[in-house]
Amino acid sequence: MAKISTLLLVYSFFVLGFSFTCAIAKGPEKSWHEAFCQGKETTTKLHFYLQDVLGGPNATVWEVAKSPISNSVTSFGQIRVLDDLITRTPNPNSKKLGRAQGLITFSDLDVSVLNMNLNFVFTAGSYNGSTLTILGRNQIMNVDRELPVVGGTGIFRMARGYAISNTYSYNVSTNYGILEYTVYVVHTDVSKVKNIQMVMDT
Ligand SMILES: *[C@@H]1O[C@H](CO)[C@@H](O)[C@H](O)[C@H]1NC(C)=O
Ligand SMILES: *[C@@H]1O[C@H](CO)[C@@H](O)[C@H](O)[C@H]1NC(C)=O
Ligand SMILES: *[C@@H]1O[C@H](CO)[C@@H](O)[C@H](O)[C@H]1NC(C)=O
């Protein structure tokens, strides 16, 4: 008897809790909230390149501030804003996937390190209009740099994960860099949602 009432209590708690949480959103937001409430997640791997133009008339990276010691070897204190093209392959004329926009700050007195605050703004295919946000430490002379993915919007709502970044190439005479990014991201997946009735039945 005690066992049955405990089960009933757990069951009602689950059902009530579920209804309460998922009753928040109506209309177009409903299925996303259902997916979120049901813990429906998916892992997506993304692989792309950034066209990092540091010089010339079409530069996409610009200095906006610096400290009295920014001319040192580590550029400490220099702040740059960037709006880099994201492409499918290293070739700048390959398919355009979006832009990488944000702020980088040289923030290590001893080695070249960037504090990255970056949004990947996707404009292609099913990711069109979705964003991913990167926040972290980038020791740019290392081969593979790991950066945390701290969030996202659209398809990537509630995203968390990590990115591996490396310098694919850098042309010293033109100041043109090509950066490779591989991103692993876990996020809510609306396509996996079941209706509430099915969840209550299990
Ligand atoms: C800069 O962009 C313009 C317009 O797209 C282009 O005509 C020009 O060749 C570019 N210059 C360089 C150095 O890439
Ligand atoms: C991306 O979405 C915008 C706004 O809805 C639309 O104007 C544009 O054509 C879309 N681009 C692609 C490649 O689907
Ligand atoms: C750098 O760019 C210049 C001008 O486009 C080109 O002539 C040169 O071959 C490039 N260097 C490398 C190492 O790719």
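Can you name the residue in the range 44-68 that is surrounded by 14 or more Cβ atoms within 10 Å (Cβ to Cβ) and among the β-branched types (Val, Ile, Thr) and, of all such residues, is nearest to ligand 2 (Cβ to nearest atom)?
This residue is Thr44.
I'd like to know if the range 114-128 contains one or more residues that are farther than 18 Å from Val183 by Cα and either in contact (Cβ under 8 Å) with a residue 60 or more places away in the chain or buried (at least 18 other Cβ atoms within 10 Å of the Cβ) (or both).
yes
Answer with yes or no whether Thr174 is in contact with a strand residue (DSSP E or B) (Cβ under 7 Å, 6 or more places away or on another chain) and hydroxyl-bearing (Ser, Thr, Tyr).
Answer is no for this residue.
Could we say that Val111 is in the same structural domain as Leu50 (by TED's automatic domain parsing), assigned to a strand (DSSP E or B) and surrounded by fewer than 20 Cβ atoms within 10 Å (Cβ to Cβ) here?
When the stated conditions are applied, Val111 does not pass them.
Tally the residues that are outside any strand (DSSP E or B), within 16 Å of ligand 1 (Cβ to nearest atom) and in contact with a Gly (Cβ under 9 Å, 6 or more places away or on another chain), restricting the search to the range 137-196.
Count: 2.
Kindly list the number of the only condition in (1) assigned to a strand (DSSP E or B); (2) under 22 Å from the mean Cα position of the chain (by Cα) that fails for Val64.
If we test Val64 against (1) assigned to a strand (DSSP E or B); (2) under 22 Å from the mean Cα position of the chain (by Cα), just (2) comes out false.
Taking the condition of being among the aliphatic types (A, V, I, L, M) and open to solvent by less than 80 Å² (accessible area, probe 1.4 Å), how many residues in the range 129-148 meet it?
4
The values are calculated or read from the model by the stated rules, or taken from the named source; none is laboratory data. Note that the coordinates shown come from a computational prediction; the quantities given were computed from them, not determined experimentally. Reconstructed Cβ throughout: ideal geometry from the backbone, glycine too, with neighbour counts over all protein chains shown. These accessible areas exclude ligands, DNA and RNA; they are computed on the full protein's heavy atoms, side chains included. Shrake-Rupley method; radii C 1.70, N 1.55, O 1.52, S 1.80 Å.
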